[in-house]
Amino acid sequence: MNERNVDVLIIGAGPAGLAAAISARESGIESLLVLEREKESGGILRQCIHNGFGLHRFKEELTGPEYAQRDIDKAAELEIDIECSTTVLTVSSDHTVTCVSASKGLQIIHAKAIVLAMGCRERPRGALCTPGTRCAGIYSAGTAQRFVNLEGFMPGKRVVILGSGDIGLIMARRMTLQGAKVLACVEIMPYSSGLNRNIVQCLHDYDIPLYLSHTVIDIKGKERLEGVTVAKVDEKRNPIPGTEIEFDCDTLLLSCGLIPENELSLSAGVELSPATSGAVVNESFETSVPGIFACGNVLHVHDLVDHVSNESFKAGAAAAAYVRNEQLAAPMITVKDGNGVRGTVPQLIRSDTDKPVDLMFRPSAVFRNSAAVVECGEKELIRKKAMIFTPGEMALVTIKPEMLKELPADSITVRIE
Amino acid sequence: MEQTITCINCPVGCRMTVTLSEQGAFISVTGNTCPRGAKYAQQECTLPERMITAVIPVTGRETPISVKTASPVPKKLIYDIMNELSSVRISAPVTIGQVILQDVLHTGVDIIATRNLA
C-alpha cells in the first residue's frame, strides 16, 4: 500500500481548495498535496457557465469556468500537485487521510496540517418532506445544471422550480434558453433568497412567474413526473385550502438550500456548529481538532465565490503557519449570534491575533435602514449601518486587532439593530 | 409612457418608475436611491443589454464547451443568438478566449470560449 507524508494536505480542488493551496505554497510550503474527487479541478464553478463571478476579486465579471481557470493556472505556475479522480474515505484526528483512486489504489497520507475544502451539497428531496409519488423527473437544480452544462443533456421540457435560491433562478433561465418551458418558480418564504439581479435577469426577462409564500403540496406521476400541485401557505407555512394551482410539467427542480458536506470532518472528530452546519473555527479557520482547518462552503455557505477565495487564502496561510509552529496562545474570545444574526464565522477569536478578523454572518430576516452591532458586554466595538440586510446576502464586519485588547468579558455578540 | 423596473445593482432592489416619451426616449426616473440606479434605469428602458452564456457541442467529445458573448448584446436578440448558436459545432483543442463565432448576427460581438479543452 502506498503510504507517504506531506506537510499540508488539502481536500477538494474547487475555489476554496485552490486558493488555500496557492496561499500555502506562497507561504513557503514545499510539501503540498491537493486531492480532488472529480476528474478535473475547479469544483462547482465548472458547471456555472453564467457570468457574474469575480467582481470583487478581479474587478471584472467572469463566468465560473473562467474564474476557476485563473486559480488553476496559478496553481500550475506554482507547481502545486493536484491528484484528481481521487476520493478521500476518512480523515482522522491524528491527521491520517485514506483515499482511493483508480490509478494509485488505496493511499494513506500523513499530513502535518489538513485543510478541509469539500464544499457543500444541495438539500435533497428527502429532507424537504415533499408529498406525492417517487417518479422520475425530480432533480436538484445543481444536478440539472450539471446535465445541461457539463454533460449536454436536457432533463425535461416543462419545468417547475421549487425554491428560489440562486441556482434555481439561474436554471430557470438556462432551461428556457435551451428550449424548455419554465412554468413557475415557487418559494415557500414571503421573500426570495436569491439575488435581485437573478430575479430580474432570470425570471422577469423570460416572464417566469415567482410565487412567493407558495409551495408544492402534491407530486403526480407514475414512471415520469406528470404534474405538481402548488398552494399558498399561511404565516406558519401551512397550505391554505382552496388556493391550489395545478401545473402540467415533466420536471421539478429543487433549489431549497445548500448544506456543507462534512462527513469527512465528522470522521476527524471536528466539532460542527448547528447554525452553519460547518465546523466551529477560530480566526485562523482552525477547527476544534488542532492542525485541521476548514474554508469555503464546507465551513459555511457563501453567496459569492470572491468571499470563498478570500477566506481560503487566509486558511491556507494559517495551515502553513501551523506547520512552521507559529501558533498563537492567547485565550479565546467566543463570538455569539445576537438578535437578527445567524451563523457568525469565526466562532472563536484569539485575543492576541495581529490581523483584522472578518466576522461573517447571515441576517435571519430582512432588515431595512438598520445597523450591525458588535459588542462586548456594555461596550460597543463596531456599528456598521446599512440600507438593507437580507438573508440572501452574507453580511460582514471587520474587527481590528486593537479592538480585542482589554475586553470587559470573554465573549462578543453580533446583532442587528 | 411609464415603466416600472427593479434595480439590480444591490440587494436593496429599488422599485423605480421611468417616464419615457412617445418615441421611447428617456425623460426621468423616480424611486431610485442612488445614481447607479438612475443610470441602470435609463439603460434598461432604452437599450437593455445582456451577456449570453451557453454551451456548444464539441465534435467527438462527450463534454460540450461553454461560451459567452464577448460583451453584452441587445436583450431582444437573446433568442435569435441562441438559435444561431444551436447549429454551431467546434473541434478540440479550444482555449479560453478563442473566438468560436465572429460578429454574431452583425452585432459586432464575438462568441468566445470560456474554458479550455485539450
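Only the coordinates and a few stated rules stand behind these numbers; no lab work does. This is a predicted model, so every value here is computed, not measured. Using ideal geometry, Cβ is built from the backbone for each residue, glycine included, and neighbour counts are taken over all protein chains shown.
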Self-check item: Distance between modelled label sites at B:SER21 and A:ASN2, nm, 7 Å Cα→Cβ extension
Solution: 7.1 nm
Quiz item: In a solvent-free Debye calculation with one equal scatterer on each Cα, what is log10 I(q)/I(0) for the protein assembly as shown at q = 0.07, 0.11 Å⁻¹, listed in the order of the q values?
Solution: -0.43, -1.09
Practice problem: Quick one: check the C-alpha center-to-center distance for region B:70-103 versus region A:369-406, whole angstrom. | Solution: 45 Å
Exercise. Pick out, from A:ASN238, A:LEU177, A:LEU89, the residue whose Cα sits farthest towards the positive end of the charge dipole of chain A, with +1 on the Cβ of Lys and Arg and -1 on the Cβ of Asp and Glu.
Key: A:ASN238
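Taking a threshold of 26 Å on the Cα-Cα distance, which of the pairs A:LYS39/A:LYS59; A:LYS157/B:LYS75; A:LYS39/B:LYS68; A:LYS59/A:LYS355 fall above it? Please list the in-between numbers first.
Details: A:LYS39/A:LYS59 30 Å; A:LYS157/B:LYS75 23 Å; A:LYS39/B:LYS68 24 Å; A:LYS59/A:LYS355 24 Å.
Flagged as over cut-off: A:LYS39/A:LYS59.
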Quiz item: So which trypsin sites (Lys or Arg not before Pro) in region A:335-417 end up in coil per DSSP with only 12 or fewer other C-beta atoms within 10 Å?
Solution: A:LYS405
Quiz item: What residues qualify as long-range amide H neighbours of B:ILE65, i.e. H under 5 Å apart, gap of 5 or more or another chain, H built at 1.01 Å from N?
Solution: B:ILE56, B:VAL58
Practice problem: From the P(r) of chain B, can you give the percent of Cα pairs sitting at distances over 20 Å? | Solution: 54 percent
Quiz prompt | Sorted peptide list for A:173-179, B:100-106, criterion being average Cβ within 10 angstrom, highest first | solution = A:173-179, B:100-106
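Take A:TYR211, A:TYR67, B:TYR79, A:TYR322 and order them by how many other Cβ atoms sit within 10 Å, fewest up front. Display every interim value, and only then the final one.
Working: A:TYR211 17, A:TYR67 26, B:TYR79 12, A:TYR322 21.
Lowest count first: B:TYR79, A:TYR211, A:TYR322, A:TYR67.
For an R0 of 41 angstrom, estimate the FRET efficiency from the Cβ-Cβ distance between B:THR4 and B:MET82 and round to the nearest 0.05. It would help to have the intermediate numbers written out before the result.
On the way: r = 27 Å, r/R0 = 0.66.
For B:THR4 and B:MET82, the calculated efficiency is 0.90.
For region A:330-417, state the semi-axes of the equivalent ellipsoid (square roots of 5 times the eigenvalues of the alpha-carbon gyration tensor), sorted largest first and rounded to whole angstrom. Mind showing how you got there, number by number?
Values: eigenvalues 100, 29, 24 Å².
That gives 22, 12, 11 Å for the three semi-axes.
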Quiz item: Are there GluC sites (Glu not before Pro) in region A:133-224 that DSSP marks as loop and that have at most 16 other Cβ atoms within 10 Å, and which are they?
Solution: A:GLU223
Self-check item: Rg over Rh, two decimals, region A:53-201 (C-alpha only, Kirkwood Rh)
Solution: 1.04
Quiz item: In region A:140-191, what chymotrypsin sites (Phe, Trp or Tyr not before Pro) fall in a loop by DSSP, with at most 14 other Cβ atoms inside 10 Å?
Solution: A:PHE153, A:TYR191
Quiz item: In nanometres, what is the gap between the two model label sites at A:GLU235 and A:ALA136, each 7 Å from Cα along Cα-to-Cβ?
Solution: 4.5 nm
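What range in chain B is the longest one free of trypsin sites (Lys or Arg not before Pro) that are in a loop by DSSP and have at most 14 other Cβ atoms within 10 angstrom? Before the final figure, lay out the partial values.
Details: sites that count: B:ARG61, B:ARG89.
The longest such stretch corresponds to B:1-60.
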Quiz item: Can you run phi through the Karplus equation (6.51, -1.76, 1.60; θ = phi - 60°) for region A:388-400 and list ³J(HN,Hα) in whole Hz, with x for Gly and Pro?
Solution: 7, 10, 10, x, x, 10, 4, 9, 8, 10, 10, 9, 8
Quiz item: Under 11 Å from the 7 Å Cα→Cβ point of A:ARG324, by amide nitrogen: which residues of region A:283-318?
Solution: A:317-318
Quiz prompt | Estimated [θ] at 222 nm from DSSP helical runs (n ≥ 4, -39500 (n - 2.57)) normalised by residues in the protein assembly as shown, nearest 500 | solution = -5000 deg cm²/dmol
Practice problem: Search the structure for amide H atoms under 5 Å from the amide H of A:VAL6, placed 1.01 Å from N in the peptide plane, and list their residues when 5 or more places away or on another chain. | Solution: A:HIS110, A:ALA111, A:LYS112
